[in-house]
Every structure is written in C-alpha cells, then in structure tokens.
1. In terms of Cα to Cα distance under 13 Å, which aspartates and glutamates are near enough to LYS68, apart from those fewer than 8 places away along the same chain?
2. Tell me, what ³J(HN,Hα) does each residue in segment 77-88 have, in order and in whole Hz, if you take phi through Karplus 6.51 cos²θ - 1.76 cosθ + 1.60 with θ = phi - 60° and put x for Gly and Pro?
3. Quick one: which residues, 5 or more positions from TRP73 or on another chain, have an amide H under 5 Å from its amide H? H modelled 1.01 Å from N in the peptide plane, none for Pro or chain starts.
4. Once amide H atoms are placed 1.01 Å from N in the peptide plane, what residues at a sequence separation of 5 or more from SER53, or on another chain, have their amide H within under 5 Å of its amide H?
5. How much of the calculated P(r) for segment 38-104 lies past 19 Å, in percent of all Cα pairs?
6. If you plug each phi of segment 34-40 into the Karplus form 6.51 cos²θ - 1.76 cosθ + 1.60 with θ = phi - 60°, what whole-Hz ³J(HN,Hα) values come out, in order, with x for Gly and Pro?
7. Order these peptides, 73-85, 32-44, by their mean beta-carbon neighbour count within 10 angstrom, highest first.
8. Using packing as a proxy for protection, rank 88-95, 48-55 so that the peptide with the highest average count of other Cβ atoms within 10 Å comes first.
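FYI, it's all coordinate maths here, none of it is from the lab. Keep in mind that what you see is a predicted model, and the values were worked out from it rather than measured. Using ideal geometry, Cβ is built from the backbone for each residue, glycine included, and neighbour counts are taken over all protein chains shown.
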Amino acid sequence: MYKYLVLTSIVVLAGCSSTTKTVVQQEPYCYTDQTIQQSSDGTTNSSSTIECSDNPLKRAKLVGVDPKNCRPWQRQDVVNGRVKTYGGYICRDEKNNWRPLSSF
C-alpha cells in the first residue's frame, strides 16, 4: 500500500511540474505632468498631477499615442527547456515605425 501511495504522489507531482504556465506581466506605469509658474514678485508656484493605470490603452492616451495605432504582441522562447511567453503592446510612432508602448 505504501508503495502505491508513494508512486501516485510522484506521478501527480511530475504532472503538475510539467504543466506549461503562461504569465503575462504588465508594466506598472504612471504619467506625471508638472506645471511651474513664477510670478512677477518672484514667488514660484508649482503643481504636479500623477495619473496611473494598468490598462495599456489608457497608458497610450496618457503619453499622447492614439490607441487605434496599438496592438498586442506575444512571443514564446524556450529558456532552460521551458517555454516562456512574453507580451505587451506595440504602437506606431510618428515615423510609422512599431515601438513598444513602454518606450513612449
């Protein structure tokens, strides 16, 4: 009985360890806008606005890119015998070249 329990445990653990798992990590991103004003009497006023989002298309708007010019991308590489999936969004820049959204 003990042999069967050990054998079953090994088979279950081996099956779990060989399962391919896709993990897509999104970059956290925020956009900061700062306004500094100096008045004629020499005083300085400033204000900062920080907008953050985990939605890539909202990020595109925040950095001045038309979301219609963006699309998702994905690729898979084999690293140490395991399949690793990468992905994100790419957008067309003003010269019509594709660039990662994180580079804007």
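1. Straight-distance partners of LYS68: ASP93.
2. 10, 9, 10, 6, x, 10, 7, 10, 9, 10, x, x
3. Residues meeting the amide H criterion: GLY88, TYR89, ILE90.
4. Distant-sequence amide H within range of SER53: TYR29.
5. Details: 1180 of 2211 pairs.
The share of Cα pairs beyond 19 Å in segment 38-104 comes to 53 percent.
6. Going residue by residue, I get 10, 10, 10, 10, 10, 8, 5 Hz, with x marking Gly and Pro.
7. On the way: 73-85: 9.8, 32-44: 8.2.
The peptides rank, most packed first, as 73-85, 32-44.
8. Details: 88-95: 14.5, 48-55: 11.1.
Sorting 88-95, 48-55 by mean packing, highest first, produces 88-95, 48-55.
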